[in-house]
1. So if I restrict to the alpha-carbon atoms in the range 178-275, what is the Rg, and what is Dmax, the biggest pairwise distance, in Å?
2. Just how far, in whole angstrom, is the range 160-215 from the range 216-262 if you go by their alpha carbon centroids?
3. For the range 99-105, take each phi angle, set θ = phi - 60°, evaluate the Karplus expression 6.51 cos²θ - 1.76 cosθ + 1.60, and give the result in whole Hz per residue in order, putting x for glycine and proline.
4. Relative to the Cα centre, what is the charge dipole magnitude of the chain, using +1 at the beta carbon of each Lys and Arg, -1 at the beta carbon of each Asp and Glu, and rounding to the nearest 20 debye?
5. Would you please state the base-10 log of I(q)/I(0) at q = 0.12, 0.13 1/Å for the chain, with intensities from the Debye formula using one equal scatterer on every alpha carbon?
6. Once you have the Cα-Cα distance between Phe443 and Glu95, take 0.36 nm times their residue separation minus that, and quote the gain in nm to one decimal.
7. Where in the range 352-444 are there GluC sites (Glu not before Pro) that are in a DSSP coil and have at most 11 other Cβ atoms within 10 angstrom of their Cβ?
8. At a 1.4 Å probe radius, carbon and sulfur cover how many percent of the accessible area of the chain?
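The values are calculated or read from the model by the stated rules, or taken from the named source; none is laboratory data. Here the structure is a predicted model, which means the values were calculated and not measured. Every residue, glycine as well, gets a Cβ built from its backbone with ideal geometry; the counts of neighbours run over all protein chains shown. Side chains are part of the model used for accessible areas, which takes the heavy atoms of the whole protein and leaves out ligands, DNA and RNA. Shrake-Rupley method; radii C 1.70, N 1.55, O 1.52, S 1.80 Å.
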Amino acid sequence: MSNKVNEALFDLIHSLSKSEKRYFKINANRSSHASENNSIRIFAAIEKQKEYDEEKLFQQFKGEAFLKRFSITKKRLYDNILSVLDVYHASASTEAQIFTMIHSADILYNKSLYDQARRVLRSADKLAKKNHFNEIILLISQKNKRLLETNGNQKMTPEIIDEIQQNDKYYVNDIGLYNKIWTIKSHLFEKMSKKGVARSEGDVKEYKTICSELFKIEKTPINNNEIHYLFFHTMSAYYYSIGNLKDSYGYMKKILALFEEEECRVEVNKKVSVYTNAIFVSDKLGHYKESLRYLSKLKEIERNVVSNEDLAIKLFSSISSIELNTYLRKGDFDQAMKVATRVEEGLNVLEGKIVPTRRAFLAFKIAVIHMGINDFNGALIWVNKILNDHQLDKTEDIIGYSQLLDLLIHVELNHENLLPYSLKNTLRFFKTRNRLYSFEKIFLQFIR
């Protein structure tokens, strides 16, 4: 069995908050079944481990019958934890509440309590429409069709059939439009991760080709906030990709206005992403007061984060990047170094949990700060962390920046023996990826 499978239970247990652990233990202790008691013991043993060590578990529970089928015991414990978490978080998720209602309707249907099932589905339908859960609305529609058919088509009329068909068509069209924009956005982001902002007419043409369908969609009436958000987000990214910061920022402001609408319910993750981008672009455009206002919104979200490690990680990387950028722009390397020290501690704690690209950009900024205080050896350590990161796609834009910074550091450290080798590697890197633009040519010529 692979290490990843073996460590899945360990990772899950160590991802739990104190309240989640307590909730699991309370629920497990309610059972007098031997397998549940064994689960608690295994849970407690793994919880104490700093690294997953199955040999130690076998030594600790030597002679126990469950060790003969330990893989099954672990799988049962893993499933039990997820089941308890599902109950624990059910009230916090609107989507989970709707699925619970659908399940309740299924139970009532199986007991032939059709009117009660219909009432529950009606409530689920209202909640799903309020939150624009189009796929779930279609699922509820299927359940309602089953109820109509169960009644021997007695309650069906041509008007009801046509109404159901029109209702389904409306939401199918919305799903199709969402998927179309999502596909364009995904192709755009995939290309941007490798090429970055357009550096040539060829790059601009490539981005325009990817997004050509967006301009047709702009004329399409959109009544769904989720689709509105995705469309504005993709348009903003498109204009950013071709270097048009003004129009990119304009679409960001449309998203932020959407957030202010009372009926708009947006995932916090999306808010973090938009505020982060808005700070970065408004700062580049010189709108410093606006960037500070967005930063305060971001920090407000950070203060209100409760038991959401994924969101906490994103906030850490976003706010850290913004603060490092701010001090670098001012040339205040002393303050930047204080932030960098805090970021380094955070990176050590969150090792392996931050997306490689985010981690690389933070490392790059820290390397620049070390150069700013003439600590070139420190800068080299951080650049090497990027260049030696096997999780990074070697076509990523950040790799190119790091290669150039690496050369500058070798110049400052008088590494005359290493420079020819590094220069040759860097030149090959840019040539093989068709990224040898005017700046790179002049820079490499200067180093040579």
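1. When restricted to the Cα atoms of the range 178-275, Rg and Dmax are 13.4, 43 Å.
2. 12
3. Each residue's phi maps through the Karplus curve to give 5, 5, 5, 5, 5, 4, 5 Hz.
4. On the way: 68 positive and 57 negative charges, 47 e Å.
Here the chain has a charge dipole of around 220 debye.
5. Each listed q corresponds, in turn, to -1.24, -1.31.
6. Values: separation 348, 0.36 × 348 = 125.28 nm, distance 5.29 nm.
Contour length minus Cα-Cα distance gives 120.0 nm.
7. Values: sites: Glu396, Glu412, Glu416, Glu440; in loops: Glu396, Glu416.
Counting only loop positions with at most 11 other Cβ atoms within 10 Å, the GluC sites (Glu not before Pro) in the range 352-444 are Glu416.
8. Numbers: 13290 of 25760 Å².
Reported share for carbon and sulfur atoms: 52 percent.
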